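Encoded as structure tokens, the structure appears first; notes follow it.
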Amino acid sequence: MSNPVQDREDKDRELVDRFGRRVSYLRLSVTDRCDFRCVYCMAEEMKFLPKPQILTLEEMYAVARAFVDLGVEKIRLTGGEPLVRRGILDLVARLGEIPGLNQLVLTTNGSQLTKYAYDLKRFGVKRLNISLDSLQPKRFKELTRTGDLQQVLEGIEAAREAGFQAIKINAVVMRNRNEDEVLSLVEFAREKRLDISFIEEMPLGVISEHSRAEAFMSSADIRQQIGKEYSLAPTLESSGGPSRYYSMPDSKTRIGFISPHSHNFCHLCNRVRLTAEGRLLLCLGNEHSKDLRKVIRAHPGDDAILKQQIIDAMHIKPERHHFELDQEPQIVRFMNMTGG
Ligand code: SAM
Ligand code: SF4
């Protein structure tokens, strides 16, 4: 139940950490499950969490609401694959109505978009990120293990027709796996009038398919490849995250580079993540966390306690991450657990 006096007081209690960074962005992983098994993200045989360990949609809504009351303006739904969570549209519809939440956005592998794009837009999702690492059907299958390229391309079309403010393609580039498709992916984005970001692979979870160190492609290498074909001008835009954007003179498509290794962005960090089991992660590259599921289940319906716990958690947000490619991953959780 919303209380106007409490709401006013909450606005004065913004989420600021020990280093003066204000947290205004929550990435909410609504499930650890997925219909794909991307080689850099998951093992082929995955054990997913038992249902009672996952937050209910009601619990997710309560946490999201508490964050917005504390000044969070942007929420990204992610996973796992957010669109395989049963009831996801009900959650989206409720989140879309929270006053003060300026940007509700979603990251998806695109496989369910023919079914959901229209309703996502209708219920208040402003922008979509869609992952696409290859335009070759056979390779797409190899990289995702279970994915069907055609289905994703149709999903992208459905999203374009639904009329989102912006759609961005996310591509993880790996040496000797899909590095030769960088220019085709840029061309695809230009033709479809979408933005595109290239992501450096991060050492989250132990994988067996390739050596992350050998497959590593830096953003600088990718940018150089694109620069041979297109003239790229840096933009000033910042997401408070690891992305840097470039524009091209002859197209509206912007090209982003997400470089957790080669570009340290931690001093600008404005975000935290909530895992599907309710663990509040204060940093992608560290294990510092707070169990909000325990808080909600011990004090159901008590927003004041939940908010105080969130405020207290800001004190343990680490200053920065340290990703090392040539060591065993220090972070053993996979990206689907973390909420990408
Ligand atoms: N299933 C959705 C999707 O694929 O877009 C949302 C979750 S996924 C974990 C979010 C993003 O993280 C995707 O763009 C994916 O490519 C990226 N990702 C997953 N594992 C990664 C890793 N080890 N390094 C870099 N990016 C990764
Ligand atoms: Fe699923 Fe996304 Fe991970 Fe691929 S990157 S396995 S689509 S969660």
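What follows is calculated from the coordinates using simple rules that are stated; it is not laboratory data. Because the structure is a prediction, the values reported are computed rather than measured. Please note: Cβ atoms are built from the backbone with ideal geometry, for glycine as well, and neighbour counts cover all protein chains shown.
For segment 4-338, calculate the relative contact order in percent as a whole number, restricting contacts to Cα pairs under 8 Å that are 6 or more residues apart.
Details: 648 pairs, mean separation 68.8, N = 335.
Here the relative contact order equals 21 percent.
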Applied in sequence order to segment 122-138, the curve 6.51 cos²θ - 1.76 cosθ + 1.60 (Karplus, θ = phi - 60°) yields integer Hz couplings, x standing for Gly and Pro, of 4, 8, x, 6, 8, 9, 10, 10, 10, 7, 7, 9, 8, 9, 9, x, 5
For the chain, any Cys whose C-beta has no other cysteine C-beta under 4.7 angstrom counts as unpaired, and these are Cys34, Cys266, Cys269, Cys283
Computed on Cα atoms, the radius of gyration and Dmax of the chain in angstrom are 19.4, 58
Between the Cα axis of helix 149-162 and the main Cα principal axis of the chain, the angle (0 to 90°, nearest 10) is 60
Proxy exposure order for Ile316, Ile310 (fewest C-beta within 10 Å first) is Ile316, Ile310
The size of the Cβ-based charge dipole (Lys, Arg +1; Asp, Glu -1) of the chain about the Cα centre, to the nearest 20 debye, is 520
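Would you calculate, for the chain, the mean residue ellipticity at 222 nm contributed by helices, counting each DSSP H stretch of 4 or more residues as -39,500 (n - 2.57) and dividing by all residues, to the nearest 500? Walk me through the numbers before you get to the answer.
Numbers: 12 runs with 108 residues, N = 340.
Per the formula, -9000 deg cm²/dmol.
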Residue separation between Arg320 and Gln53 times 0.36 nm, minus their alpha-carbon distance, gives in nm 93.2 nm
Karplus-derived 3J(HN,Hα) from phi for segment 114-121 (6.51 cos²θ - 1.76 cosθ + 1.60, θ = phi - 60°), whole Hz, x at Gly and Pro, runs 4, 7, 10, 3, 4, 5, 4, 5
Rounded to the nearest 10 degrees, the helix 303-313 long axis (Cα) sits at an angle to the longest Cα principal axis of the chain of 50
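Provide the convex hull volume over Cα atoms per residue for segment 1-140, in Å³. Walk me through the numbers on the way to the answer.
Values: hull volume 20.5 nm³, N = 140.
In segment 1-140, the Cα convex hull volume per residue is 147 Å³.
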Simple SL model, points at 7 angstrom along Cα→Cβ for Phe19 and Glu237; separation in nm is 2.5
For Lys252, counting only lysines whose alpha-carbon sits under 28 Å away and dropping same-chain residues fewer than eight positions off, the answer is Lys74, Lys115, Lys121, Lys126, Lys168, Lys192, Lys228
Between the alpha carbon centres of segment 285-317 and segment 117-168 the gap in Å comes to 33
Per the C-alpha gyration tensor (a ≥ b ≥ c, the square roots of its eigenvalues), segment 79-236 is rounded if a/c is under 1.5, else prolate if a/b beats b/c, else oblate; here it's prolate
For segment 173-233, averaging the sequence separation of alpha carbon pairs under 8 Å that lie six or more residues apart and dividing by its residue count, the contact order in percent is 46
Under the rule rounded for a/c under 1.5, else prolate if a/b exceeds b/c, else oblate, using alpha carbon gyration tensor axes a ≥ b ≥ c, segment 61-134 is classed as prolate
